[in-house]
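Engineer: Below you will find the structure I want to go over with you.
Nothing in this text is a laboratory measurement; each read-out follows from the coordinates by a stated rule. All values reported here derive from a predicted model rather than from experimental measurement. FYI the Cβ positions are ideal-geometry reconstructions off the backbone, even for glycines, and counts take in every protein chain you see.
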Amino acid sequence: MKAVIINFKAYEEGSGERAVSLAKAVEDVSKKVDFYMAVCPPFVDLSDVMGGVEIDVFAQHTDAVSYGSHTGRITPEMLKEKGVKGSLINHSERRLRLADIDYLVSKFRELELISVVCTNNVATTKAAAALSPDYVAIEPPELIGSGIPVSKAEPEVVENSVKAAKEIDSSVKVLCGAGIATYEDVVAAIDLGADGVLLASGVVKAKDQKKALEELVGLR
Ligand code: G3P
């Protein structure tokens with residue numbers, strides 16, 4: 001099943017009670033379509049969101065440390081204990097070192113958490129695929145939040161990332177993100193070989209989030 005993962009980032013429209021309402025809207029829409037839909041609310045809203053919906057809830061970031069003397073850190077074990085399904089790793093707005101990404105992907109495998117490693121180009125997609133995460137999400141940073149869909153602006157990056165990742169490990173699923181907002185963008189991504197999309201502003205910042213969600217998955 002193709003995936004649609006929605007990252008709430010630190011947008012006001014996706015925080016606090018609004019995070020719960022938005023996640024509920026995602027859940028409602030997910031029942032009507034043949035997409036795997038999941039949400040990534042802010043850390044502080046994870047528990048409330050998980051209490052409000054049954055769809056998969058992901059963290060937006062995890063630190064490459066275990067329990068211990070690490071003030072302000074979020075460990076994979078903490079996410080597991082809370083019932084979080086997985087996490088974005090190395091998002092463009094929260095980059096990590098290669099060794100940290102490797103640590104997290106291995107630890108997630110051990111804990112049965114879903115890893116979504118974000119990348120910025122074909123070369124880093126190859127490097128991420130070599131770690132065999134569950135997903136790699138290719139997102140050219142210059143298109144993030146731009147409203148210009150990567151699937152139209154840089155189709156070759158998506159296509160070549162899919163090819164490169166599958167050549168290295170055919171079990172790695174490849175998402176694309178940046179500027180995705182419409183069903184046309186999603187279909188274009190899938191036509192380029194992607195296993196789904198990762199997006200934020202097109203839904204979270206929309207005037208009518210429910211309508212934007214319905215448009216995104218082809219219900220309107
Ligand atoms: O994590 C998704 C993201 O970085 C893409 O953002 O606003 O272009 O959909 P956006």
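Engineer: Among the residues of the range 63-79, what is the count of those that are of a type outside the set (Ser, Thr, Tyr) and either surrounded by fewer than 13 Cβ atoms within 10 Å (Cβ to Cβ) or assigned to a loop (DSSP other than H, G, I, E, B) (or both)? Can you show your working first?
Structural biologist: Just the residues of the range 63-79 that are of a type outside the set (Ser, Thr, Tyr), to begin with: 63-65, 68, 70, 72-74, 76-79.
Now narrow it down to the ones that are either surrounded by fewer than 13 Cβ atoms within 10 Å (Cβ to Cβ) or assigned to a loop (DSSP other than H, G, I, E, B) (or both): 63-65, 68, 70, 72-74.
Number satisfying all stated conditions: 8.
Engineer: If you don't mind, another one. Counting just the residues of the range 94-117 that are touching a Lys or Arg at 6+ places or on another chain (Cβ under 9 Å) and surrounded by fewer than 16 Cβ atoms within 10 Å (Cβ to Cβ), which one comes out nearest to Glu154 (Cα to Cα)?
Structural biologist: Looking at residues that are touching a Lys or Arg at 6+ places or on another chain (Cβ under 9 Å) and surrounded by fewer than 16 Cβ atoms within 10 Å (Cβ to Cβ), I get Glu112.
Engineer: Which members of the range 183-216 meet the condition of being crowded, with 19+ Cβ neighbours inside 10 Å and either without any contact (Cβ under 8 Å) to a residue 24 or more places away in the chain or β-branched (Val, Ile, Thr) (or both)?
Structural biologist: If the condition is that a residue be crowded, with 19+ Cβ neighbours inside 10 Å and either without any contact (Cβ under 8 Å) to a residue 24 or more places away in the chain or β-branched (Val, Ile, Thr) (or both), then Val186, Val197, Val203, Val204 are the ones that fit.
Engineer: Quick one: which of Val49, Val65 is more than 16 Å from the ligand (Cβ to nearest atom), among the hydrophobic types (A, V, I, L, M, F, W, C), without any contact (Cβ under 8 Å) to a residue 40 or more places away in the chain and out of contact with any Lys or Arg (no Cβ under 6 Å at 6 or more places or on another chain)? Show your work before the answer.
Structural biologist: On the way: Val65 fails: out of contact with any Lys or Arg (no Cβ under 6 Å at 6 or more places or on another chain).
Answer to the check: Val49.
Engineer: Here is a check on your reading of the model: is Asp195 away from the ligand (no atom under 15 Å from the Cβ) and under 11 Å from Val4 (Cβ atoms)? So that I can check it myself, show each step before the final result.
Structural biologist: Details: away from the ligand (no atom under 15 Å from the Cβ): yes; under 11 Å from Val4 (Cβ atoms): yes.
It is true that Asp195 is away from the ligand (no atom under 15 Å from the Cβ) and under 11 Å from Val4 (Cβ atoms).
Engineer: Considering every residue within the range 83-96, establish whether at least one is basic (Lys, Arg), more than 16 Å from the ligand (Cβ to nearest atom) and over 26 Å from Glu17 (Cβ atoms).
Structural biologist: no
Engineer: Please pick out the residue among Asp185, Asp169 that is away from the ligand (no atom under 16 Å from the Cβ), among the charged types (D, E, K, R) and farther than 22 Å from Asp56 by Cα.
Structural biologist: Values: Asp185 fails: away from the ligand (no atom under 16 Å from the Cβ).
The conditions single out Asp169.
Engineer: Filter the range 95-124 for residues that are under 24 Å from Glu142 (Cα atoms), more than 18 Å from the chain's Cα centre (by Cα) and of a type in the set (A, V, I, L, M) and give the result.
Structural biologist: Leu98, Ala123
Engineer: Being small (Gly, Ala, Ser), touching a Cys at 6+ places or on another chain (Cβ under 8 Å) and within 13 Å of the ligand (Cβ to nearest atom) narrows it down to one residue among Ala212, Ala137, Ala178, Ala153; which is it?
Structural biologist: Values: Ala212 fails: touching a Cys at 6+ places or on another chain (Cβ under 8 Å); Ala178 fails: touching a Cys at 6+ places or on another chain (Cβ under 8 Å); Ala153 fails: touching a Cys at 6+ places or on another chain (Cβ under 8 Å).
Testing whether each residue is small (Gly, Ala, Ser), touching a Cys at 6+ places or on another chain (Cβ under 8 Å) and within 13 Å of the ligand (Cβ to nearest atom) leaves just Ala137.
Let's see how each residue does on (1) surrounded by 21 or more Cβ atoms within 10 Å (Cβ to Cβ); (2) touching a helix residue (DSSP H, G or I) at 6+ places or on another chain (Cβ under 8 Å):
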residue	(1), (2)
Thr119	yes, yes
Ala129	yes, yes
Pro141	no, no
Gly145	no, yes
Pro149	yes, yes
Lys163	no, no
Cys176	yes, yes
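Engineer: For Phe58, only one of the following conditions fails: (1) part of a strand (DSSP E or B); (2) touching an Asp or Glu at 6+ places or on another chain (Cβ under 7 Å). What is its number?
Structural biologist: Result: Phe58 fails condition (2) only.
Engineer: Okay, moving on. Could you please find all residues in the range 27-45 being under 18 Å from Asp208 (Cα atoms) and over 14 Å from the mean Cα position of the chain (by Cα)?
Structural biologist: Glu27, Asp28, Val29, Ser30
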